[in-house]
Amino acid sequence: MNESKRTLIRAGAGALALGATAAVAQTAAGPLLHLPAAELMPRAKGKRRVVICGGGWGGMTAARYVREAAPDLEVVLLERNPIFWSCPMSNKWLIDEIETSFLMHDYLTPARRHGYTFVQTEITGIDREARTVHTSKGRVGYDWLILSGGIRYGFEAWFGNDRQAIERTRTDFASAYVASAEHMSVKKRIQEFKGGTFVMTLPPPPHRCPPSPYERAALMAWWFKSRKVPAKIVILDPKPRIAPISIGFRDAYAELYPGIVEHVPNATVREVDPFNKVVKTAAGDFRFDDAILMSPHQAADIVWKAGLVGRTADGKPTGWADVHPLFYNAKDDPQVFVIGDSVGAVSPKFGHYPKSGHVANRMAKSVARHIAQQARGEPLTPVIIDNLCYMLVNNEPKEAISVQFDYRIGDDGILEQRQIDYNDRDPKLWAEDLRWASLMYQDFAR
Ligand SMILES: Cc1cc2nc3c(=O)[nH]c(=O)nc-3n(C[C@H](O)[C@H](O)[C@H](O)COP(=O)(O)OP(=O)(O)OC[C@H]3O[C@@H](n4cnc5c(N)ncnc54)[C@H](O)[C@@H]3O)c2cc1C
């Protein structure tokens, strides 16, 4: 039995009473015994189980809809955070336009309502051969597995193994692009900024929610402008132009925040020095007083642990899950699915789906249907998804722009994408945004 399949339990009186629930670190207090990790939830006899890893947009939606589509299956949702925090709408929360209670939802209410089990735990390993998920509380066996772990930050692309630089960057210049305490810190830094240069590095595509960094820059600019903070926001963008909603963001910066927002194209990051506060890019070197440093994004750790990250032609990891473009299951393991931001390219015509909560929600519903079909022994039928994103760019009056993506399977059997940008700032789009978010939370989080 290898290390990942064991839990370490301290020998001696009372050790076994711990119930082998968690890994115990070695201390001078005594030797350690190797024991198999305890089964966290033995399966009811004859009951088949779906385990969902990650209780974000995709995972929570999947938990509800698998229960609805296949009521005979047991559903277990595993998530490290004690409470759901929504990244969508969080840019508006940074400038106090959205209440915390709108973004935060407890995990137990939907679990109770929809009849699934929620376990707050860290997923530490995935053994697809044994159909087992390892967690800090014990192991959980599955018949179907859904991974919806979102993204991880790829700081190694900037710093290699320099942990000091990585930790300094995470601590001082957090980006708040995963649900975590980073949001509190970013909000404080924006609201307490006294003036100077605030740099924002954008990750290279594909990354989580492509238009959201531009929205954040606009709302930060509004905050600084309305409070007369002498600040300049410099967006270091590796792309040649703003995208998506290029014209809408460009006009908002020029018309609403002249001299406050500077967008620098082709600014691929070459070097980051968090100690001396400088970013070196292909478009020049930029010193900063404060910064939101977004490293490249990759699929969440759990996708790597499950061995589902794709490979390029020359054998390098793509950083994203290699799954079927319509069913989202592993090619060699049809009852293992990946959904949401972790999913890799789905079409040679446009690459990745936009990494959005909307897409994660839609993928989760498709996978719920596919699992129900597999459980009944039926062939899988594809579900065509869509995407929609609203971006608030002005706060007085409230005006938003938006982007819509439609998909179809072309005559050649390959997925095609149609993108429609709504570039004209419109209060109606802000109202639609609020309605969209309310309906989404209603769908999976209440
Ligand atoms: C600022 C910002 C604005 C955005 N705006 C929008 C928007 O307007 N519209 C939109 O549609 N999308 C938006 N998004 C994107 C949206 O947040 C993501 O696309 C969506 O959350 C993806 O869902 P997911 O399930 O893949 O990942 P997530 O929602 O991130 O869920 C992943 C979950 O897995 C858990 N997890 C990961 N690893 C482990 C582990 N080892 N053990 C236990 N738990 C684990 C995480 O804690 C997390 O809860 C925005 C994102 C940001 C950052």
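Here are the numbers for this structure:
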| read-out | value |
| --- | --- |
| Accessible-area composition of the chain, carbon plus sulfur, in percent [1.4 Å probe] | 52 percent |
| Accessible area of segment 155-295 divided out per residue, in Å², using a probe of 1.4 angstrom | 42 Å² |
| Cα gyration tensor shape of the chain, rounded if a/c is under 1.5, else prolate or oblate by comparing a/b with b/c | prolate |
| Selection from A111, W93, W144 lying farthest towards where the dipole of segment 71-196 points positive, charges on Cβ | W93 |
| Pairwise FRET efficiency - Q404 versus E167, Cβ, R0 = 56 Å, nearest 0.05 | 0.90 |
| I98 accessible area, assembled protein chains, probe 1.4 Å, Å² | 20 Å² |
| C-alpha center-to-center spacing [segment 143-173, segment 411-446] in angstrom | 28 Å |
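The values are calculated or read from the model by the stated rules, or taken from the named source; none is laboratory data. A quick note: this is a predicted structure, and the numbers were derived from the prediction, not measured. Positions of Cβ are generated from backbone atoms using ideal geometry, with glycine treated the same way; all protein chains shown enter the neighbour counts. What goes into the accessible areas is simple: the full protein's heavy atoms, side chains included, and nothing from ligands, DNA or RNA. Shrake-Rupley method; radii C 1.70, N 1.55, O 1.52, S 1.80 Å.
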